[in-house]
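For reference, the structure discussed in these notes is given below.
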Amino acid sequence: MEYNFADMKCTRRDFIKKSLFLGGSLLLPPISLNAEKKKGDQWIPAYERLEIEGKLAQRIKQAYAIFENCQLCPRKCGVNRQKGGKGFCRAPVKPAIFSYHPHFGEEMSLVGGKGSGTIFFSNCNLRCIFCQNWPISHEGRGKEIQDEDLADMMLHLQKIGCHNINLVTPTHVMPNILNATRIALKKGLHLPLVYNTSGYERLEILKILDGIVDIYLPDMKYMDADKAAKYSAGASDYPEVTKIAIIEMHRQVGVLKMDHQGIAIRGLMIRHLVMPNQVAGTEKFVKWVAEVLPKSTYVNIMAQYRVEYKAYDYSEIARGITAQEFLEAMDWAEKYGLTNLDPQSVALRNFYHHRRPN
Ligand code: SF4
């Protein structure tokens with residue numbers, strides 16, 4: 001028997017609440033509750049260390065120069081954004097922001113008690129046809145601001161207690177982010193940066209972020225070039241480019257570390273959205289992680305695919321996933337030995353196992 005999420009009567013949050021007592025901790029990561037910070041130790045964000053070393057300003061200069069011949073992402077448009085040129089992402093040279101606020105729907109180790117300080121950037125360099133944020137990513141809804149305003153937003157999120165600065169779709173505005181971070185640092189910013197990206201990143205660009213970003217939160221959307229091209233605007237190189245990017249992210253920040261309260265402070269967190277009809281290549285994905293990264297790499301196998309935007313026009317993805325498809329994905333993760341799966345996904349899996357008829 002198959003369960004379809006779309007037909008279920010309670011929300012995903014309800015599932016999680018109900019399933020925690022059903023043994024949601026079965027695959028809890030061995031390091032999830034470990035204290036990274038000893039009492040009295042002063043944790044400082046990576047970008048602050050780089051500033052102390054006198055290297056942050058140079059990185060900003062290096063990043064800003066790329067705007068003149070934009071190669072910030074694998075699309076490599078080559079437009080001069082300083083002179084008003086717009087490439088595939090249609091982004092201006094100033095950062096455009098749709099919203100900023102504490103977010104309580106992210107991974108628990110990012111949300112904590114006060115939320116993840118999320119800043120949604122307008123525009124996107126990947127533009128998937130099933131994008132849930134399509135008014136922001138595809139249509140570019142939002143407001144252009146100055147880097148100084150972006151710095152103030154970061155400081156506001158810190159002031160209201162957020163645990164991190166969660167930069168959603170940052171790739172095309174990376175130079176602005178670096179500049180804003182340094183401005184905010186001088187006014188007291190001390191939260192880790194979360195680089196919340198589609199994963200479609202160039203190795204050369206990631207190297208500029210080395211020693212600035214503490215938490216990388218990339219997607220791994222597809223393992224198959226044809227699917228990537230079909231559903232993400234011709235980006236057939238997505239699987240190969242993103243694999244290289246994720247390996248580099250791991251090299252920079254390592255496996256996920258948390259503080260004594262279970263809040264993420266540094267490391268790699270990979271998201272993988274299970275799609276209908278195995279479009280996302282989930283088995284290949286978990287096998288790849290197990291082969292090239294530590295098995296304790298944090299992986300969030302996500303069940304919340306829903307039909308959005310132009311996905312209605314593609315029969316293969318014009319439905320939600322079934323519980324069976326989600327359980328299969330989680331079974332593969334277990335089969336290949338991944339030990340640090342997102343606790344909410346584990347709880348959801350246990351909930352479905354409990355409901356599955358014998
Ligand atoms: S960031 Fe935008 S303009 Fe620059 S290469 Fe990527 S898609 Fe093109």
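The values are calculated or read from the model by the stated rules, or taken from the named source; none is laboratory data. Bear in mind that the values here come from a model prediction, so they are computed numbers and not experimental data. Neighbour counts are summed over all protein chains in view; Cβ atoms, including those assigned to glycine, are modelled from backbone coordinates with ideal geometry. Protein only, heavy atoms only, side chains kept; ligands, DNA and RNA dropped before computing areas. Shrake-Rupley method; radii C 1.70, N 1.55, O 1.52, S 1.80 Å.
When only Cα pairs below 8 angstrom with a gap of at least 6 residues are kept, the range 231-296 shows a relative contact order of 23 percent.
Per-atom-type breakdown for the chain gives carbon and sulfur 51% of the accessible area (1.4 Å probe, protein chains only).
Selection among LEU110, ILE60, ALA245 by position relative to the dipole of the chain gives ILE60 as farthest towards the positive end (Cβ unit charges, Cα centre).
When ranked by the protection proxy of mean other Cβ atoms within 10 Å per residue, highest first, what sequence do the peptides 53-59, 263-269, 227-233, 349-355 form?
263-269, 227-233, 349-355, 53-59
Over the range 61-166, the alpha carbon radius of gyration divided by the compact-protein estimate 2.2 N^0.38 Å works out to 1.17. Rolling a 1.4 Å probe over the protein heavy atoms gives the chain an accessible area of 42 Å² per residue. If you take the alpha carbon atoms of the range 139-298 and fit the smallest convex hull around them, that volume is 134 Å³ per residue.
Nearest 500 deg cm²/dmol is fine: what mean residue ellipticity at 222 nm does the chain get from its DSSP H runs of n ≥ 4 alone, each adding -39,500 (n - 2.57), divided by its residue count?
-10500 deg cm²/dmol
Kindly flag which residue pairs out of LYS86/LYS310; LYS76/LYS310; LYS187/LYS243; LYS94/LYS295; LYS76/LYS295 have an alpha-carbon separation exceeding 31 Å in this structure. In this structure, LYS187/LYS243; LYS94/LYS295; LYS76/LYS295 lie more than 31 Å apart at Cα. FRET efficiency for the LYS159 to SER315 pair, using the beta carbon distance and R₀ = 51 Å, is estimated at 0.60.
When restricted to Cα atoms, the chain yields an Rg and a Dmax of 19.8, 65 Å, respectively. With each label modelled as a point 7 angstrom along the Cα→C-beta vector, the MET108-ARG49 pair spans 2.8 nm. Computed over the chain with a Gaussian network model linking Cα atoms closer than 10 Å, the most mobile of ILE145, ILE165, ILE177 is ILE145.
In the chain, Cα pairs under 8 Å separated by at least six residues give a relative contact order of 22 percent.
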